[in-house]
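Nothing in this text is a laboratory measurement; each read-out follows from the coordinates by a stated rule. Quick caveat, the model's predicted, so the values are computed rather than measured. With ideal geometry, Cβ positions are generated from the backbone for all residues, glycine too; neighbour counts draw on all protein chains shown.
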Amino acid sequence: MLRFKVFENGAPAKSISLDGAHLLGADRVPVRAEIRFEKGEIICDARSRGAAALALMWSVQGIGRILLETPRVLERPEPYHLHLELARGQLMRISQKREDWGFYDHPAGQHLYDEIDKARDLLVAALEAPDVAGAAMLADQSLTLGLKAGESLSAYHATINLPARMADNSMPAAPLGCRVDPSHYSDASVQLIADAFQFVELPFTWATLQPVEGKYETAHLERALQHLKARRMPIRACSLLSFEPWETPTWLAKTARDYDRLRDAIMKHLRTIVRSFSGHVQSWEVCVGLHAYNTYKLTFEQLVELTRMSAILTRQAAPKSEVLLGIVLPWGEYYATDPQTIPPTLYAEMALQSGVNFDAFNIQLQFGGQNCAQYVRDLLQLSSILDRFGNYGKAVHVSCMGVPSNGMTPMSGYWHDEWNEHVQAAWLRDMARIALSKPFVASVSWQAFADGVAPSPWGGLQKKDGSLKKSYDEVISLQKELVAANP
């Protein structure tokens, strides 16, 4: 059992939100545990023994309400001091990335190193404080400085590497994209999309394409494809196979009672769609989120088989197209409560080791939306998760990237301030530059062009009245910068 003391205004906290709270074991894999708050303490009763880290949503002035992690700690009779452990965890993450990036003696980074040193000095003072309340105050100050320094370090890393990548002509020809829902497609938006982006993601959602078994409805999709093809916009087909409930046709539930019938239905659907639209689509996200949304309670082996089969069928039907493997919720919080799912990194390793024939990962980085599991993270964590998947040796596409411009969901958090158009634009600017600065990132794609599309109804670049948000201007500015470097 792990225990963490929590303080508020110099006294033991009387209550605390446990939104997003879970434990992390070896290799940062979530572990199942009962987590509760009692008498000023968070009590974590894990179902397995060994060192573990506590992750939970935490409010930090100037940073927002984000998901943070302590270091892994061992069980002991006395409780840990949560404020100290959160500050220590942040400084450890900074140290690890400085080592990975070689940012210990970069001459232009001295101002960042000074801020990190200040955060470390505050943590040392907190450890030496004569009372626990005073230690909490100093630890909170250390955490705030550490989080700001971590985000600045991530932005600085991008500032150095993005121009270098553009200078050596290693930037992909089509690095910026946007997801467009065919059912909300507008003729008036075609030019706006073409002005800002080099490609478009279209969801090929099974529930939309085949709401009734044996009957396809593709009019909206075909219309969008025709308009985009006229503009010579490359198309990426997404969500070809997904078990997320709202993307799965209701009639499939009966078929899924028998795995062989389910597999046959999937094979038939994939062949039909890929063969029908292969002439319009340049890359296919053959499956997405099978590791996270195990709606039909399939076994690990069955999920592996469906992943491999999806890639093979797509290769056969569209041999010249790029095959992408979709990853959602890349930190894997869901695994802490659903043992029939697969941690995302384990799923990625499984795909590589079992010979799944795919070209790149398609990783969703979507936060602050209606899905309560879209817990907001700071920029250092976002940069780090991309590095982790980049280490697998495959290209990485950042798909469905986005945050809302309003409609804040308290459970999923916010970044720097409550969601508004300026915060959305700032997040887009910083995150896009961080992602594109990495040599293994092949593209970034925003989650929606227009508001009103699930699962983030305020996540678009265009309002429902047709006016454009500040985030659209940020995309235009970034595109001009990329074009100027690679005319």
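DSSP beta bridges fully contained in the range 2-162 are about 90 percent antiparallel. Computed from backbone phi with θ = phi - 60° and the Karplus coefficients 6.51, -1.76 and 1.60, the 3J(HN,Hα) list for the range 89-102 is x, 5, 5, 5, 5, 5, 4, 5, 6, 4, 5, 4, 8, x Hz; x is used for glycine and proline.
Per residue, the average separation of C-alpha pairs within less than 8 Å and at least 6 apart gives the chain a relative contact order of 15 percent. Ranked for footprinting exposure by Cβ neighbours inside 10 Å, fewest first, I385, I43 give I43, I385. For Q340 and A173, a Förster radius of 35 Å and the Cβ-Cβ distance give a FRET efficiency of 0.30, rounded to the nearest 0.05.
Extension gain, A133 to D19, is 38.7 nm, computed as 0.36 nm per intervening residue step minus the present C-alpha separation.
Estimated from the Cβ-Cβ distance and a Förster radius of 22 angstrom, the FRET efficiency linking K464 and D187 is about 0.85. Each of S186, S477 was scored by other Cβ atoms within 10 Å of its Cβ. Listed from fewest to most, they are S477, S186.
3J(HN,Hα) along the range 38-54, derived from phi through the Karplus expression 6.51 cos²θ - 1.76 cosθ + 1.60 where θ = phi - 60°, amounts to 9, 6, x, 10, 8, 10, 10, 10, 6, 8, 9, 8, x, 5, 8, 10, 9 Hz, with x in place of Gly and Pro.
Assuming charge only on the beta carbon of Lys and Arg (+1) and of Asp and Glu (-1), the dipole of the chain about its Cα centre is about 1220 debye to the nearest 20. Could you give the angle, 0 to 90 degrees to the nearest 10, between helix 344-353's Cα long axis and the longest principal axis of the Cα atoms of the chain? On a 0 to 90 degree scale, this one is about 50.
Each label point was placed 7 Å from the Cα along the Cα-to-Cβ direction; for D260 and S95 their separation is 5.7 nm.
The label-point distance for S59 and A253, in a model that sets each label 7 Å from Cα toward Cβ, rounds to 3.8 nm. Close amide-amide hydrogen proximity is noted between E201 and C178, R179, V180, R236, each under 5 Å apart and 5 or more residues distant or on a separate chain (H modeled in the peptide plane; Pro and chain starts excluded). Calculated from DSSP H runs of 4 or more alone, at -39500 (n - 2.57) each and per residue, what is the 222 nm mean residue ellipticity of the chain, nearest 500? Rounded to the nearest 500, the figure is -13000 deg cm²/dmol. Compute the angle between helix 219-230 and the longest alpha-carbon principal axis of the chain, please, reported from 0 to 90 degrees and rounded to the nearest 10. Tilt relative to the chain: about 90 degrees. Normalising by residue count, the chain has a Cα convex hull of 146 Å³ per residue. Taking amide H atoms as placed 1.01 Å from N in the peptide plane, the amide H of E322 lies under 5 Å from those of S283, W284, each 5 or more residues away in sequence or on another chain.
For the chain, the longest principal axis of the alpha carbon atoms and the long axis of helix 300-317 meet at an angle near 40°.
Distance between the 7 Å Cα→Cβ label points at K297 and K215: 3.1 nm. In a fully extended conformation the segment linking S276 and R28 would gain 85.1 nm over its present Cα-Cα distance, using 0.36 nm per residue. Beyond 24 Å in Cα-Cα separation lie the following of the pairs K215/K254; K394/K480; K118/K438; K148/K480: K394/K480; K118/K438; K148/K480. Ordering W446, W331 by the number of other Cβ atoms within 10 Å of each residue's own Cβ, fewest first, gives W331, W446. Scaling the Cα radius of gyration of the range 111-158 by the globular reference 2.2 N^0.38 Å produces a ratio of 1.24.
A protection proxy built from the mean count of other Cβ atoms within 10 Å ranks the segments 436-445, 158-167, most packed first, as 436-445, 158-167. The stretch between A230 and A11, if pulled fully straight at 0.36 nm per residue, gains 72.3 nm over its current Cα-Cα span.
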